[in-house]
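First up is the structure itself, then whatever we jot down about it.
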There are 2 protein chains.
Amino acid sequence: MKTTLRYDSANMLSHRVGRFGAAPEDLRGLRNRLARAKRAIVERSEAGEQGWLSCLDDAAMVKRIRDLVKKKAAYRTCLVIGIGGSDLAARALSKALKPGEKKLVFAGANTDPDELAGILSELDLRKTLINVISKSGDTVEPMATFLIVRDRLERRAGKRQAANQIIATTDRESGSLRELAEREGYDTLPVPKNIGGRFSALTDVGLFPLAYAGADMRGLLAGGRAQRDAFLRGKPEKNPTALYAALQYLAYLKRRRIHVLMPYAERLREFAFWYRQLWAESLGKKTDRRGNVVHVGPTPVAALGVTDQHSQLQLYVEGPNDKIITCIEVGTFDDDAALPDSVSDIPSLAYLKGKTLQDLIHAERKATVTALARNKRPNGTVHLPNITAETMGELIVFFELATAMMGELLNINAYHQPGVEEGKRLTKQYL
Amino acid sequence: MKTTLRYDSANMLSHRVGRFGAAPEDLRGLRNRLARAKRAIVERSEAGEQGWLSCLDDAAMVKRIRDLVKKKAAYRTCLVIGIGGSDLAARALSKALKPGEKKLVFAGANTDPDELAGILSELDLRKTLINVISKSGDTVEPMATFLIVRDRLERRAGKRQAANQIIATTDRESGSLRELAEREGYDTLPVPKNIGGRFSALTDVGLFPLAYAGADMRGLLAGGRAQRDAFLRGKPEKNPTALYAALQYLAYLKRRRIHVLMPYAERLREFAFWYRQLWAESLGKKTDRRGNVVHVGPTPVAALGVTDQHSQLQLYVEGPNDKIITCIEVGTFDDDAALPDSVSDIPSLAYLKGKTLQDLIHAERKATVTALARNKRPNGTVHLPNITAETMGELIVFFELATAMMGELLNINAYHQPGVEEGKRLTKQYL
């Protein structure tokens, strides 16, 4: 398939937003570095160091997931137990795609007892498939949640039936969850060794729950491949993802270090939370690849259009010019609603007569980006024609590639997270 | 009642986090300005310029809301139609307090046709009370939504029955919604003239939906009064709210301009979104009170503990030291769950044996704030003993007062939002 995602960068440029925007010479000056960054990404992929680009071609994965979906078809609900890279993609994509064959419920992304009690009170565990996801099996939040849930299920349904209802998505060979799964006879799915959690949306991690719920896994992968192939094919300066990364990078250098993602679609609300982990955890680093202490990293902010026009826009327009805003626009929604003729009842809203909600949401985004630009606030818009498995696949890989490019431009390792180890160690100590 | 909220500021201070923290002399140097800021807030309240402190004593309001709750008791669901200051408090407080007598559904905070279609497909409009909230009646998102919903309801139930199911919360005398309500005979509730949307949590705006759903309105107000009275009574430097504002202000001066609020409780997830509007829209301003162009304002970020330890913490610990983090800790949750003995199945988790989820969430917060402090990242914690109407009332007024104090310290008008007008004008133009 061809790519359908477009990136409108005009309001990121100096001729629109003045000195805080990118000048033509800024972009020209980056050309060689963009080419090098792209080469580095390709090399890491080809060497097998990073697997998130090649997984898009993995036919064996698709078959494995399909088979398991069929084998476990008996349940009406799937309880997905994971945190961070193990659940954010499935949350985002199920919210966006609304697959309706099975219901997905998420747990294990917190250790809040009230939340778990609420979730369990609404579930019939005996009719629920449980997909616990942890690469190592040591991640305390999902594993604690899983062990509590498993205990309740075993007491109700017996150990054997419980084992039949559990799928463990974990490292192929080693780790605590792998050991447990083999001992108890759980079905398993692999987390590839060379793919970190936050890049695992389009692997067994993200795809099994989505496929189980009825989403179009092949569409997601096809969209992902379309973005990847467009990136691999041409010159980076002509590619929207590379351009996006370049402009975010230039803005970062100009001290615009708050990066807002503001989809104009409720169905993409959680997508912004997936992006937020990807951008923050990949790019927030103490040292660069040479070991220099750099304390680098933009702060991603998840916003929502039009809702946050009545919450954050005042700050974005009038506050410090320290942000860049990226909107996501959806061309055509699945539904629409015409404003009734009774809008004329409200004289100040008479201009809405004959319009639909789609007209309104598009006009509001356009007004926001124009108001931002007039106030010299750099902003861009990612356009999707609609929300489908294919376009969501594109969107995921667009941001994965942009993140990887930013990592190379900043000369940091975008694939680890050393900063969270101390907290884990201290948690253990305090218990 | 006495206040129960505590603010632990130790990790905001220089002896813990070095030069990015507040030194004793910084705080001493602010004393007079804090006293002046407090005086200004008291004066604005006493002069009637701002009504969000005195509304806490409004017995007539309580009676009015109670009476209307009784009068409209026949419905099982209340559809709240509002945006920003008109819906965020009710969303946050209903999520926190989980009142169960009626179900609250929210719409009108977006103009997304897919979202509205999804909401309406799950509602039986004939069994639904509709509370449309707009001070002016000109706010396009809720009013467009309201007119669509009203049109459908009228077609199903007839104009007269529809009018019986609608409550308009709006300006007492003027505006499009007031006119419409009088013409159609809707029951109405007033939005006080001297209270802006984002300060209207504990007025008819926020309280009617909550009371209708069964939340303890008197408890909310009592908690709010406790915080207010503690603030009014003592010297500001001894008051937790004033101290909180002072420390946020000092951090802002030291260029820590990203202010993260990270409740460790799923039930407070949406509270952080209420805070985010309050902090951003009140403090993000182009000009100060003298008319100087200042482009001032911290960027609030809504985070969630422990979830975001696996998403944002890497950035907070290792990235640029440009943030301050405020956790909210809940002392005792309503529920708890013991880890089963089978945690010993996972050797790396054996340390959880005999522990509960509450133990775990507390240890994780403590580990996070300690890790942040060791990495010289200023942070504080607001402690609530539990989540009740009283403590939520305290929390609301704590942040309202802190916002007002910040506004005075920054010498800006915290109560208007001139920056969003241009977007509204352009929206109209594009349609």
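Rounded to the nearest 5, the antiparallel percentage of DSSP beta bridges internal to the protein assembly as shown is 15%. Between A:LYS376 and A:ASN292, full extension at 0.36 nm per residue minus the direct alpha carbon distance yields a gain of 26.9 nm.
Ratio to report: Rg/Rh of the range B:363-431, with Cα atoms as the point set and Rh obtained by the Kirkwood method; give two decimals. If you can, show how the numbers build up before the last one.
On the way: Rg = 19.2 Å, Rh = 16.1 Å.
Computed over Cα atoms, the ratio is 1.19.
With all pairs of separate Cα atoms included, the range B:134-192 yields a Kirkwood hydrodynamic radius of 11.4 Å.
Listed from fewest to most Cβ neighbours within 10 Å, the set B:GLU49, B:GLU281, A:GLU115 follows the order B:GLU49, A:GLU115, B:GLU281.
If R0 is 30 Å, what FRET efficiency do you get for A:ALA35 and B:GLU421 from their C-beta distance, rounded to 0.05?
Details: r = 45 Å, r/R0 = 1.49.
Calculated value: 0.10.
Using only the C-alpha atoms of the protein assembly as shown, find the volume of their convex hull and express it per residue in Å³.
Details: hull volume 132.5 nm³, N = 862.
Per residue, the Cα convex hull of the protein assembly as shown comes to 154 Å³.
DSSP assigns beta bridges within chain A; of those with both partners inside it, close to 15 percent run antiparallel.
The percentage of C-alpha pairs in the range A:1-129 whose separation is greater than 24 Å is 58%. Model label points for A:GLU182 and A:SER348, set 7 angstrom from Cα along the Cα-to-Cβ axis, are 6.9 nm apart.
Dividing the Cα radius of gyration of the range B:54-215 by 2.2 N^0.38 Å, with N the residue count, gives 0.94. Once the convex hull of all Cα atoms in the range A:287-335 is built, its volume per residue stands at 132 Å³.
Each DSSP beta bridge with both residues in the range A:282-431 is either parallel or antiparallel, and the antiparallel ones are about 35%. Just so you know, the Rg over Rh for the range B:162-273 is 1.08, from Cα atoms, with Rh as the Kirkwood radius. Comparing Cα centroids, the range B:348-405 and the range B:40-93 end up 28 angstrom apart. Shown for chain B is the translational diffusion coefficient from the Stokes-Einstein equation, using the Kirkwood radius over Cα pairs, a temperature of 37 °C and a viscosity of 0.692 mPa s: 143 µm²/s. Rounded to the nearest 10 degrees, the inclination of helix A:59-71 to the longest alpha-carbon principal axis of chain A is 60 degrees.
Take the alpha carbon atoms of the range A:228-290, find their center, do the same for the range A:189-221, and report the distance between the two centers in whole angstrom. Centre-to-centre distance over Cα atoms comes out at 21 Å.
With all projection directions averaged, the alpha carbon convex hull of the range A:8-51 covers 4.1 nm². Calculation over all alpha carbon pairs of the range B:235-290 in 10 angstrom steps from 0 returns a P(r) of 19, 43, 34, 4, 0 percent. Residue-normalised convex hull volume from the C-alpha trace of the range B:284-410: 129 Å³ per residue.
We did not get these values from a lab; they are worked out from the coordinates using the rules stated. Everything numeric here is computed off the predicted structure, so don't read it as measured data. Note that we place each Cβ from the backbone using ideal geometry, even for glycine, and neighbour counts take in every protein chain shown.
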